[in-house]
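Report on one structure; see the data block that follows.
The values are calculated or read from the model by the stated rules, or taken from the named source; none is laboratory data. Just so it is clear, the model here is predicted, and its values are computed rather than measured. With ideal geometry, Cβ positions are generated from the backbone for all residues, glycine too; neighbour counts draw on all protein chains shown.
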Amino acid sequence: MLVEASAPGKVILYGEHSVVYNQPAVVLAIDRRANVYAKKRTDNKIFIDADNLGFSGYFEDDVYHAVRGQAWRGRNLAALNVSAKKTMEYLGVEGGIDLKVRSMIPIAVGLGSSAAICVATVGAVEKLHEGGLKKEEISNVAFEGETIIHGKPSGVDNNVSTFGGVMSYAKGEGFTHHKLPREIPFIIGNSRKKRSTKRMVENVAALKERNPTVMDNFLDTMGYIAKKGLNALLKADLGKMGDLMDLNHGLLSGIGVSTMKLEILCHTARKNGALGAKLTGAGGGGCMIALSEEVRMSDIERAIRRRKSDAYRVSLTDQGVTSRWIEDEEMADS
Ligand code: MEV
């Protein structure tokens, strides 16, 4: 028997970057998930099979040994090693683990793939050791893994991936769950350019260092937009939500985290009927999100694809991290 755990990716509707500076953000868990399978080993290695990404290897005393793919890939896998080890440390247990990662969330494009993988790893390892951890504990331990990748994350990604649903979140204040009056689908446009969240957050910090007063005003306004945006979302007022997405995007461009391609995708979406469009996540590449009435969605998706980008329609999910015991054969099928 082994454990299968799964956790969703996310989109930030309002408030990326400003959330790092204690402003509120509005975040939605999406129906694209990362799955992690875990099985105990008889030695103390943390073996990670990420073969569908082209690499696998193991950590022994935190040193990576490549089995498939190049040694530097250990950098991509270090967060899983840390997540697994921190979970065992938290539970006061020891031992080696085989981890297998299968994710439907594109990597490094702002959809919370690394947080989902860390959350699913903690979910799998704690279940394997019958830890009985509460969701809040899973989220906190996963945060330590994510720190390896993102430096100083705000905590928004691990929280939404653990709990699922629609959340507003502010550092220090924590998160609030919300129920929507009806389903609201979104379109994600993926510019296909990977980027580092850590680097983007550092760039914003450097800009703030050079221009503290102006940046404080930008960040305060982003926080204000997030509050207004949450009200509009809870009333399903698509027109208002769209305006606020456009305004939020303008400020994100202003602080230097947009790219030419993201600008083109936002303009393309608006020209083809979107009520609003903005980059989502850290920017510098990655994804944008568009909101529209159902009738215009296919036009927008086609227009995004014509710009050599991927377009996905995403629905929101209430399901956060889950875990269950499965037979070995079920994993062989996955
Ligand atoms: C990353 O998904 C969002 C940022 O606000 C960074 C963070 O919140 O840690 C850019």
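Structure above, values below:
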item	result
Residue within the stretch 285-292 that is over 22 Å from the mean Cα position of the chain (by Cα) and away from the ligand (no atom under 16 Å from the Cβ) present	yes
Counted residues, the stretch 175-197 - those being within 14 Å of the ligand (Cβ to nearest atom) and out of contact with any Leu (no Cβ under 8 Å at 6 or more places or on another chain)	5
Test: residue in the stretch 148-157 that is assigned by TED's automatic domain parsing to the domain that holds Asn22, within 11 Å of the ligand (Cβ to nearest atom), over 26 Å from Arg324 (Cα atoms) and over 14 Å from the mean Cα position of the chain (by Cα)	yes
Gly283 being touching a residue at least 24 places away in the same chain (Cβ under 8 Å), surrounded by 15 or more Cβ atoms within 10 Å (Cβ to Cβ) and farther than 30 Å from Asn217 by Cβ	no
Pairs with Cβ under 6 Å, 6+ apart, first in the stretch 99-114 and in the same structural domain as Arg33 (by TED's automatic domain parsing) and surrounded by 22 or more Cβ atoms within 10 Å (Cβ to Cβ), second in a strand (DSSP E or B) and charged (D, E, K, R)	Gly112/Lys10
Candidate set: the stretch 304-334, residues that are of a type in the set (A, V, I, L, M, F, W, C) and in a helix (DSSP H, G or I); chosen: the one surrounded by the most Cβ atoms within 10 Å (Cβ to Cβ)	Ile304
Residue count for the stretch 133-143, restricted to those that are surrounded by fewer than 22 Cβ atoms within 10 Å (Cβ to Cβ) and within 14 Å of the ligand (Cβ to nearest atom)	0
Failed item in (1) under 24 Å from the mean Cα position of the chain (by Cα); (2) more than 30 Å from Gly284 (Cβ to Cβ), with Lys45 passing the rest	(1)
Complete set of residues in the stretch 190-228 that are assigned to a helix (DSSP H, G or I) and of a type in the set (Lys, Arg)	Lys198, Arg199, Lys208, Arg210, Lys227, Lys228
Selected residue (only one of Glu263, Glu301 is assigned to a helix (DSSP H, G or I) and without any contact (Cβ under 8 Å) to a residue 12 or more places away in the chain)	Glu263
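To keep it simple, each residue is scored yes or no on (1) more than 14 Å from the ligand (Cβ to nearest atom); (2) of a type in the set (Lys, Arg).
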{"residue": "Arg199", "(1), (2)": "no, yes"}
{"residue": "Phe218", "(1), (2)": "no, no"}
{"residue": "Gly242", "(1), (2)": "yes, no"}
{"residue": "Met245", "(1), (2)": "yes, no"}
